[in-house]
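Inspection log for the structure reproduced underneath, given as structure tokens.
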Protein chains: 2
Amino acid sequence: MSFVRQPMSVSPEDFKKLELSINDVKENGSEIRSIFENYYDEEIDIDWEVDAAVEAFSILSSRWTIEILATLYIIGESRFNQLRTLLRGISSRTLSDKLTKCTENGLVERLVEDGPPIRVKYRLTDHGRNAGKLLSPLVAYMKIKHGRVMRNNA
Amino acid sequence: MSFVRQPMSVSPEDFKKLELSINDVKENGSEIRSIFENYYDEEIDIDWEVDAAVEAFSILSSRWTIEILATLYIIGESRFNQLRTLLRGISSRTLSDKLTKCTENGLVERLVEDGPPIRVKYRLTDHGRNAGKLLSPLVAYMKIKHGRVMRNNA
DNA sequence: AAACTTAGTGTTTTTTTCACACTTACGATT
DNA sequence: AATCGTAAGTGTGAAAAAAACACTAAGTTT
């Protein structure tokens, strides 16, 4: 599935920036966690929080949805076949279904430039872009973890 | 699937803290994005970046994996049946398979307290906990978006 | 005129998840 | 003493989701 690719070799300064950003987000994540914990009582407990987390991921937690989101966050906007090419491995049927669901859930907007030939652009809504931004540090962390992004020692 | 629940009503100060944290993460997300963009050339392009993102999500992008991660991040550690109860709706077969995959991928560790009766604890590895922290702001954002977390006007 | 591109849909096959029964070994209950 | 409950799963068949692949229709390019 995934091609062998050159890793991205970034300057020590930029690598440091990435690490600092990621650490910053980790700290924010911990702080958010501890705020929630303070509100635990008879109603609000682990059960409540897990439920809320499952609900939070209800749209994202199926194959390709999160990748579509991340891709549109990277690329800004994209047409159907471009997305299909970028997301090597997705079938047009699945892409079509997922885009419909993302649109229904307010993450993506579908912009028809009526031709003919009809052209359709997909773009993140503000909500989708927020989600994309919030995902970005995790993606960066994983890129580094997978050796796709490395510090050059120049 | 999801029960009707009370929203979590947080103080204006804590709500402000949450908003500030989430915004902070958004800014970090944007900054990370722009760092990567600076390295675009013949090798490293949108195609490369989408590939790397797809790879980053290769473990997370299937039903339940991300929820298991978030749940273990919330609860710290958990036994099999406790996880199954918390993740209302998951089958034991699927939970078992997903935990195996998460363990194989270094996100989760499986700790056997040998009985009998044999007891097993699941806990995030450092890597898994990092991922959990990085996901936390997104979950908080979604909780607010879904009306599960609200500012009280006390 | 033939081939290609656009954004998909239809249909069949494969993979993933669900539902539900079942296991083995112990402790507690009746 | 026999049954029940709990522990952490596995086995199996059915249902749902995704993949593979063909196909559409209107317009552009060769």
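Once phi is turned into θ = phi - 60°, what whole-Hz ³J(HN,Hα) does the Karplus curve with 6.51, -1.76 and 1.60 give for every residue of region B:76-81, x standing for Gly and Pro?
Coupling constants for region B:76-81: x, 8, 7, 8, 3, 5 Hz.
What is the magnitude of the charge dipole of the protein assembly as shown about its Cα centre, with +1 placed on the Cβ of each Lys and Arg, -1 on the Cβ of each Asp and Glu, and no other charges, expressed in debye to the nearest 20? All intermediate terms of the calculation are to be shown ahead of the outcome.
On the way: 44 positive and 46 negative charges, 171 e Å.
In total the dipole reaches around 820 debye.
Given a Förster distance of 51 angstrom, what is the FRET efficiency for residue A:119 paired with residue A:154, based on the Cβ-Cβ distance and rounded to 0.05? Mind dumping the intermediate values first?
Values: r = 43 Å, r/R0 = 0.84.
E(calc), rounded to 0.05, equals 0.75.
Set the Förster distance to 30 Å, then compute FRET efficiency between residue B:20 and residue B:58 from the Cβ-Cβ distance, nearest 0.05.
So the FRET efficiency works out to roughly 0.40.
Kindly give the distances from residue A:45 to its copy-mates, label point to label point, with each label point 7 Å from Cα along Cα→Cβ, as nm values to one decimal ordered shortest first.
Those label-point separations list as 5.6 nm.
Could you look at region A:57-154 and say what percent of its accessible area is carbon and sulfur, using a 1.4 Å probe and all protein chains? The partial results should precede the final answer.
On the way: 2040 of 4570 Å².
Heavy-atom surface of region A:57-154 belonging to carbon and sulfur, 1.4 Å probe: 45 percent.
With just the Cα atoms defining each centre, how far is region B:54-113 from region A:83-154? Give it in Å.
25
Just checking the output field for A:9-18: average partner chain Cβ neighbours within 10 Å of each residue's Cβ? Mind dumping the intermediate values first?
Numbers: counts 3, 5, 3, 0, 1, 4, 1, 0, 4, 5.
That average works out to 3.
In peptide B:118-130, what is the residue-averaged number of other protein chain Cβ atoms found within 10 Å of each Cβ?
Numbers: counts 0, 0, 0, 0, 0, 0, 0, 0, 0, 3, 0, 3, 9.
Going residue by residue through B:118-130 and averaging, the value is 1.
Just the accessible area for residue B:31, please: 1.4 Å probe, Å², rounded to the nearest 10?
70
Pop out the Kirkwood hydrodynamic radius of chain A from its pairwise C-alpha distances, inverse of mean 1/r, in Å to one decimal. Provide the component values of the computation, followed by the final result.
On the way: mean 1/r = 0.0554 Å⁻¹.
Averaging 1/r across every pair of different Cα atoms and inverting gives 18.0 Å.
Assume the label is 7 Å from Cα along Cα to beta carbon: what separations in nm does residue A:104 have to the matching positions in the other copies?
Residue A:104 label point versus its equivalents elsewhere: 3.2 nm.
Using amide H atoms built 1.01 Å from N in the peptide plane, name the residues 5+ places from residue A:120, or on other chains, whose amide H lies under 5 Å from its own.
Amide H to amide H, under 5 Å and 5 or more residues apart or across chains, residue A:120 pairs with A:80, A:113.
Probe radius 1.4 Å, ligands and nucleic acids left out: which of B:85, A:125, A:103 has the largest accessible area, and how do the rest follow?
B:85, A:103, A:125
Ordered shortest first, which distances in nm separate the 7 Å Cα→C-beta label point of residue A:58 from those of the other copies?
Counterpart label points of residue A:58 in the remaining copies fall at 3.2 nm.
What number comes out for the charge environment of residue B:108, summing +1 per Lys or Arg and -1 per Asp or Glu over other residues with Cβ under 12 Å away?
Details: positive: B:98, B:101, B:110, B:121, B:123, B:129; negative: B:77, B:104, B:109, B:126.
For residues surrounding residue B:108, the net value is +2.
Relative contact order for chain B using alpha-carbon pairs under 8 Å, separation at least 6, rounded to a whole percent?
Values: 124 pairs, mean separation 57.0, N = 154.
Relative contact order here is 37 percent.
Where Rh is the Kirkwood radius over the Cα pairs of the protein assembly as shown, the temperature 4 °C and the viscosity 1.567 mPa s, what D in µm²/s does Stokes-Einstein return? Before the final figure, lay out each step's value.
Numbers: Rh = 20.3 Å.
Value of D from the Cα-based Kirkwood radius: 64 µm²/s.
Taking the rotation that carries A onto B, look along its axis and tell me which residue of A has the beta carbon nearest to it, distance in whole angstrom.
Result for the A and B rotation: A:25, 3.
For region B:81-122, taking Cα atoms only, what is the radius of gyration to one decimal and the Dmax to the nearest whole Å?
10.9, 29
Quick one: if you take sqrt(5λ) for each eigenvalue of the C-alpha gyration tensor of region B:7-56, what semi-axes come out, biggest first, whole angstrom?
Working: eigenvalues 249, 32, 4 Å².
So the equivalent ellipsoid measures 35, 13, 5 Å along its semi-axes.
Compute for chains A and B the buried accessible surface, both sides summed, probe 1.4 Å, and express it in Å² to the nearest 100. Walk me through the intermediate numbers first.
Values: alone 11310 and 11300 Å², together 14770 Å².
Counting both chains, the buried surface is close to 7800 Å².
Work out, step by step, the length gained on full extension between residue A:40 and residue A:80: first 0.36 nm times the residue separation, then minus their alpha carbon distance; give nm to one decimal.
Working: separation 40, 0.36 × 40 = 14.40 nm, distance 4.50 nm.
Extending this stretch completely gives an extra 9.9 nm.
Lys/Arg Cβ at +1, Asp/Glu Cβ at -1, dipole of region B:64-146 taken about the Cα centre: which of B:120, B:134, B:103 is farthest positive-ward?
Selected residue: B:134.
Using a cut-off of 22 Å between alpha-carbon atoms, which lysines can reach residue A:16, once sequence neighbours fewer than 8 places away in the same chain are excluded?
The qualifying lysines are A:26, A:133, A:143, A:145, B:26, B:133.
With both partners inside chain A, how many of the DSSP beta bridges are antiparallel, as a percent to the nearest 5?
Details: 9 of 12 bridges.
So the antiparallel bridges amount to about 75 percent of the total.
The values are calculated or read from the model by the stated rules, or taken from the named source; none is laboratory data. Treat the numbers as computed from the prediction; the structure is a model and nothing was measured. Methodologically, a virtual Cβ is constructed for each residue, glycine included, from the backbone with ideal geometry; neighbour enumeration extends over all protein chains shown. For accessibility, only protein heavy atoms count, side chains too; no ligands or nucleic acids. Shrake-Rupley method; radii C 1.70, N 1.55, O 1.52, S 1.80 Å.
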